[in-house]
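Note sheet for the following structure.
Each reported figure results from applying straightforward, stated rules to the coordinates on display, with no laboratory input. Since the model is a prediction, treat every value here as computed from it, not as a measurement. Cβ placement follows ideal geometry from the backbone for every residue including glycine, while neighbour counts extend to all protein chains displayed.
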């Protein structure tokens with residue numbers, strides 16, 4: 001099965017703000033960015049589409065005219081808990097200093113918990129009989145997928161960050 005993961009387009013959030021699962025608005029350049037994604041997806045004929053339920057992903061799925069998209073909470077970005085909406089420069093990151101993989105964000109989740117929910121999505125998808133799937137999601141989820149598909153190690157999950165509107169292909 002071919003799986004195409006698409007990171008949402010750019011958001012209308014000031015640089016340096018933590019916004020994980022906060023449902024933020026898309027940038028004014030949405031239609032221009034989304035048109036490029038739609039063009040890039042033009043040759044792909046998916047059997048099924050999935051999306052994070054956050055509007056920055058569902059709007060892109062609608063714009064790209066992917067029909068019958070299934071919303072799945074496992075495709076959400078990391079839950080940054082108490083850090084959501086705060087400036088990164090004003091966040092006490094000491095919880096991540098010794099073990100950023102297993103340490104939970106205050107009132108949020110750990111990276112390993114996010115990885116486990118993303119992996120459970122792919123484990124379930126593996127049992128289906130699709131040829132092609134399209135997934136509208138977030139940068140952190142795509143990086144978890146890269147770990148799942150053995151393109152990188154867990155410790156290096158964020159050595160590369162997908163660009164807004166980037167499409168990443170995997171074979172399941």
>> Using the basic label-point model (7 angstrom from Cα toward the beta carbon), what is the residue 153 to residue 100 distance in nanometres?
In response: 1.5
>> Quick check: from the Cα gyration tensor, does the chain come out rounded (a/c under 1.5), prolate or oblate?
In response: oblate
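With the Cα gyration tensor of region 1-40 giving a ≥ b ≥ c as the square roots of its eigenvalues, does the rule (a/c under 1.5 for rounded; else a/b larger than b/c for prolate; else oblate) give rounded, prolate or oblate?
Here region 1-40 falls in the oblate category.
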>> Along the Cα→Cβ direction, 7 angstrom out, place labels at residue 86 and residue 163. What is the inter-label distance in nm?
In response: 3.2
>> Using only the alpha-carbon atoms, how far is helix 139-148 inclined from the longest principal axis of the chain? Give it as 0 to 90 degrees, nearest 10.
In response: 80
>> Can you compute the FRET efficiency between residue 71 and residue 17 using 1/(1 + (r/R0)^6), with r the Cβ-Cβ distance and R0 = 22 Å? Round to the nearest 0.05.
In response: 0.35
> What residue among 61, 145, 35 shows peak mean-square fluctuation when the chain is described by a Gaussian network model with Cα springs under 10 Å?
Replying inline: 35
> Pick from 56, 126, 117: which residue has the top mean-square fluctuation in a GNM of the chain where Cα pairs under 10 Å get a spring?
Replying inline: 126
> Of 52, 104, how do they rank once you tally other Cβ atoms within 10 Å and put the fewest first?
Replying inline: 104, 52
> Which whole-number percentage describes the relative contact order of the chain, with Cα contacts under 8 Å and a sequence gap of 6 or more?
Replying inline: 37
>> Taking the beta-carbon count within 10 Å as an exposure proxy, list 3, 167, 70, 101 from fewest neighbours to most.
In response: 70, 101, 167, 3
> Roughly speaking, what is the centre-to-centre gap between region 26-84 and region 134-163 when only Cα atoms are used, to the nearest Å?
Replying inline: 16
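So how do 97, 127 line up by other beta-carbon neighbours within 10 Å, fewest first?
Details: 97 9, 127 6.
Ascending number of Cβ neighbours within 10 Å: 127, 97.
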